[in-house]
Amino acid sequence: MERSLLQRIEAFLKESAMPPSVFGRYAVRDPRLVSDLRGGREPGRDVICRAEHFMNKWRADRRAGTVVPGGDRRTRAMRALRKGARA
């Protein structure tokens with residue numbers, strides 16, 4: 001049985017440690033995508049294709065070693081603070 005888009009996204013979020021709003025913003029320019037899908041939204045073919053493309057490209061970039069740190073501004077700010085504290 002094929003997994004739904006939401007199930008594939010949930011697995012990707014766990015794999016990438018990416019916040020749901022960041023995924024939605026990067027993948028389809030909709031930060032509420034994941035919360036809407038969890039609430040029962042039925043995605044169209046365009047949204048499904050764009051989300052799948054984003055996940056596939058992210059995985060390919062990770063294998064190539066070119067994934068840049070994601071996350072929202074708070075995540076990047078905390079990462080910078082921790083990095084500065086170690087220096």
Can you list the residues, at least 5 places off or on another chain, whose amide H is less than 5 Å from the amide H of D30, using H built in the peptide plane? R25
Considering only protein heavy atoms, with the full assembly of protein chains and a 1.4 angstrom probe, order D61, D46 by accessible area, largest first. D46, D61
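The values are calculated or read from the model by the stated rules, or taken from the named source; none is laboratory data. Being a predicted model, the structure only gives us computed values, none of them experimental. Accessible surface areas use protein heavy atoms only, side chains included; no ligands, DNA or RNA. Shrake-Rupley method; radii C 1.70, N 1.55, O 1.52, S 1.80 Å.
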